[in-house]
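Worksheet: the structure to be examined is printed underneath.
The values are calculated or read from the model by the stated rules, or taken from the named source; none is laboratory data. Not measured: the values here are computed from a predicted model. Glycine gets a Cβ as well: all are built from the backbone with ideal geometry, and neighbour counts include every protein chain shown. The accessibility values were calculated without ligands, DNA or RNA, using every heavy atom of the protein model including side chains. Shrake-Rupley method; radii C 1.70, N 1.55, O 1.52, S 1.80 Å.
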Amino acid sequence: MAEGDPGAPYTDASRARLEVAFAAYELADLARAAVPIGAHELSPDGTARSGGSALAEAARVLAAARRLFEAAAVFERVGGADWQLVGDTLGVSAQAARARFAVAEACFREGSDGARGEASWWRAYLAEEPLEAARDLDDWVLRHEDGAGALGTTPVSGGLVRRSDRSGG
């Protein structure tokens with residue numbers, strides 16, 4: 001499905017979709033880490049040995065979910081969705097949607113991280129090595145795939161579109 005010159009960078013929409021994929025990967029890994037209960041975690045009476053640890057872990061998962069939510073909104077905007085569509089999809093006004101996601105969209109379009117310090121390394125990696133970043137996500141998906149190869153060998157990178165001289169953005 002990739003179009004254009006194989007050496008050309010991905011379109012803005014493909015880069016935005018990679019941001020969604022990374023945020024989903026991050027959320028999934030954080031949530032999965034919260035499932036096991038280590039013998040060292042609980043006191044003999046079943047209470048937490050380290051007060052606040054479960055809540056702190058849940059807060060990290062919630063922050064990752066918010067990053068996924070934000071990345072999805074930016075992806076929709078980069079793909080041409082207006083604020084009314086974003087708001088309608090979320091059950092809020094266009095103005096509320098814009099107030100919630102406009103800074104994230106601007107940061108994406110400028111290539112900056114804004115207040116997203118948690119994943120700043122990802123945006124730099126994506127800018128410098130976009131194919132490698134996509135392949136890293138391919139590997140992650142394939143390690144966690146439930147089906148017998150149903151997703152193919154490039155479940156992330158295979159669907160991305162590259163810029164061509166004709167496409168511009």
Among (1) open to solvent by 40 Å² or more (accessible area, probe 1.4 Å); (2) modelled with pLDDT of 95 or more, there is one condition residue 148 misses while meeting the rest; what is its number?
(2)
Are any of the residues in the range 24-35 exposed (fewer than 10 other Cβ atoms within 10 Å of the Cβ), farther than 30 Å from residue 106 by Cα and not small (Gly, Ala, Ser)?
yes
Checked pairs for the range 62-79, first more than 15 Å from residue 18 (Cβ to Cβ), second open to solvent by 30 Å² or more (accessible area, probe 1.4 Å) and not small (Gly, Ala, Ser), C-beta under 6 Å and 6 or more apart or across chains, list as 64/26; 64/27; 64/30; 65/27
If we ask which residues in the range 38-53 are of a type in the set (A, V, I, L, M) and either in a loop (DSSP other than H, G, I, E, B) or open to solvent by 70 Å² or more (accessible area, probe 1.4 Å) (or both), their number turns out to be 2
The conditions are (1) farther than 27 Å from residue 155 by Cβ; (2) free of Cβ contacts under 8 Å to residues at least 12 places away in the same chain, and residue 82 fails exactly one of them. Which is it?
(2)
Whichever residue in the range 64-87 is assigned to a helix (DSSP H, G or I) and among the acidic types (Asp, Glu) and, among such residues, is least open to solvent (accessible area, probe 1.4 Å)
70
